[in-house]
1. Criterion first (at pLDDT 95 or above, of a type in the set (Ser, Thr, Tyr), touching a helix residue (DSSP H, G or I) at 6+ places or on another chain (Cβ under 6 Å) and open to solvent by less than 50 Å² (accessible area, probe 1.4 Å)) does residue 98 satisfy it?
2. Taking residue 93 as the residue in question, decide whether it is open to solvent by 20 Å² or more (accessible area, probe 1.4 Å), outside any loop (DSSP other than H, G, I, E, B) and either under 15 Å from residue 205 (Cβ atoms) or among the charged types (D, E, K, R) (or both).
3. Identify the single condition in (1) closer than 23 Å to residue 442 by Cβ; (2) within 16 Å of ligand 1 (Cβ to nearest atom); (3) out of contact with any His (no Cβ under 9 Å at 6 or more places or on another chain) that residue 332 does not satisfy, given that it satisfies every other one.
4. Confirm whether residue 167 is out of contact with any strand residue (DSSP E or B) (no Cβ under 9 Å at 6 or more places or on another chain) and either within 16 Å of ligand 1 (Cβ to nearest atom) or without any contact (Cβ under 8 Å) to a residue 40 or more places away in the chain (or both).
5. Tell me which residues, restricted to the range 128-141, are open to solvent by 10 Å² or more (accessible area, probe 1.4 Å) and in contact (Cβ under 8 Å) with a residue 40 or more places away in the chain.
6. When you go through (1) closer than 25 Å to residue 441 by Cβ; (2) open to solvent by 10 Å² or more (accessible area, probe 1.4 Å); (3) not in a loop (DSSP other than H, G, I, E, B) one by one for residue 381, which number turns out not to apply?
7. Across the range 101-127, what is the number of residues that are touching a helix residue (DSSP H, G or I) at 6+ places or on another chain (Cβ under 6 Å), within 16 Å of ligand 2 (Cβ to nearest atom) and open to solvent by less than 10 Å² (accessible area, probe 1.4 Å)?
Amino acid sequence: MAKVFVGQIIHTKSLKEFVLYTNGFVAVDKNGKIAGVGENYNLWFSNKPDYPPNAEVITLNKEQFLMPGLIDCHIHAPQVAQIGLGLDMPLMEWLNTYTFPLEAKFTDQDFAAKVYKKVVETTIKSGTTLASYFGTNNKDSTLILAKEAVEQGQRALVGKVCSNCNSPDFYVEETIDSLDATKEFVNDMDKLNSNLVKPTITPRFAISCTMELMKSLGDLAKTHNLHIQSHISESVAEIDFVKELFTCSYAQVYDNAGLLTNKTVMAHAVHLEEEEMLLFKKTGTSVAHCPASNTMLSSGFCDVLRLIKNGIKVGLGTDVSGGNSISIQDAILRALDVSHHLEFIKKQDIKGCGKLPANTDNAQYTPLDYKQAIYLATLGGAEALALDAVCGNFVKGKEFDALIVDTSVYPLHNFGLYNAEDYAKKSDEVKLLEMVQKFIYVGDDRNIVKVYVAGKQIKATTY
Ligand code: GUN
Ligand code: FE
């Protein structure tokens, strides 16, 4: 049934265009597609004879607003089972000590089913309407993850992970098995016949894949026009190992394999060199910025504004469980933290450390603001996953992926200030922006009271 959401609405059109409607509407048709957006539903409707008059009208109260769903461009579903563990270790040690042994357990389909059900439930609860998931090397359990997303109504890209070298004996594939299982996975996903959940080709990273495997995966992606995801330039030790193995830059390795495309998202890109950024731009490859993980695993500072200035699309990723939070709202805050800390490094005379040599780039650096971070978490993510024709913001013809945020419920409080005389004097725009700020800086999943994907409400009220 068609539905119209009436009330306060926010979304973005680009990094610099944040749009708000204080008395707005989003009209959704019976197929879950957006039929109209703007201020003043009655006026729009009176000029729109083809829109059904019996559409359900959902009127938000004055402490609620509607926003696009959050997009997680990089999350390892199996790692939710170890979230919070080993985060005092650097990347390679954390992978060997915790991650590979855990992921190897996903040959057990019952265990996988139990974990993946919770993963999809909790990401939806946190407002993630679209996730780009890594599964494990195990094809069958990764298919369970995809089915769970279909079942619960989440939009998702799901990848069977491929690793055929430099991995522990208990968690490594033969080249041919990795490729065959990936082909079967793509076929099995086709049979699911889901509009929302699609396969993505997933070489784990250049360290754990031979060039032969990566090339075959690149060919497969090209033949079937598939999405691709992997990791790049996360930690210095990792990069050194890649250079030792392939004797060229990290990005060049992937490009040689045909893995850099306009449907590729690479996680991290913390230490990308100038020529590597050029390769990303030329091929249309995007970046999943994972600030929590970059801090937790001591990988480094990623200057996302540098990537964006160089023409690279960027979205946000939780990188659970390198990141310690499943929430993209938390990733927004962590991206803001990193961006502000970068400003300090670029401009401050840090006591005990000194000051970087003055240069114009450093002097002119302005950190991300919360509106830009919301863009990264929504439309930026859709662009990074090459799904911006489908979702990411409220545009006629796109599918309706959205959250209703309620700023009157815990952990936010309304102390009656909204009714005070001075508050009443503020413009409706300022009031709405203050509500958005409260949600972004202080709120959490309890303030996300409803979640919609393709027009269908998917957040359950109790867990
Ligand atoms: N690089 C290769 N595998 C992984 C992983 O599981 N997590 C992170 N953060 N980096 C990786
Ligand atoms: Fe990762």
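The values are calculated or read from the model by the stated rules, or taken from the named source; none is laboratory data. Model, not experiment: these values are computed from the prediction. Reconstructed Cβ throughout: ideal geometry from the backbone, glycine too, with neighbour counts over all protein chains shown. Ligands, DNA and RNA are stripped out before the accessible areas are found, and what is left, the full protein with its side chains, is counted by its heavy atoms. Shrake-Rupley method; radii C 1.70, N 1.55, O 1.52, S 1.80 Å.
1. no
2. yes
3. Single failed check for residue 332: (2).
4. Values: out of contact with any strand residue (DSSP E or B) (no Cβ under 9 Å at 6 or more places or on another chain): yes; either within 16 Å of ligand 1 (Cβ to nearest atom) or without any contact (Cβ under 8 Å) to a residue 40 or more places away in the chain (or both): yes.
It is true that residue 167 is out of contact with any strand residue (DSSP E or B) (no Cβ under 9 Å at 6 or more places or on another chain) and either within 16 Å of ligand 1 (Cβ to nearest atom) or without any contact (Cβ under 8 Å) to a residue 40 or more places away in the chain (or both).
5. If the condition is that a residue be open to solvent by 10 Å² or more (accessible area, probe 1.4 Å) and in contact (Cβ under 8 Å) with a residue 40 or more places away in the chain, then 137, 139 are the ones that fit.
6. With respect to (1) closer than 25 Å to residue 441 by Cβ; (2) open to solvent by 10 Å² or more (accessible area, probe 1.4 Å); (3) not in a loop (DSSP other than H, G, I, E, B), residue 381 is out only on (2).
7. 3
Each row is one residue, and each column tells you yes or no for (1) in contact with a helix residue (DSSP H, G or I) (Cβ under 6 Å, 6 or more places away or on another chain); (2) open to solvent by less than 10 Å² (accessible area, probe 1.4 Å); (3) modelled with pLDDT under 95.
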site	(1), (2), (3)
233	yes, yes, no
262	no, no, no
266	no, yes, no
273	no, no, no
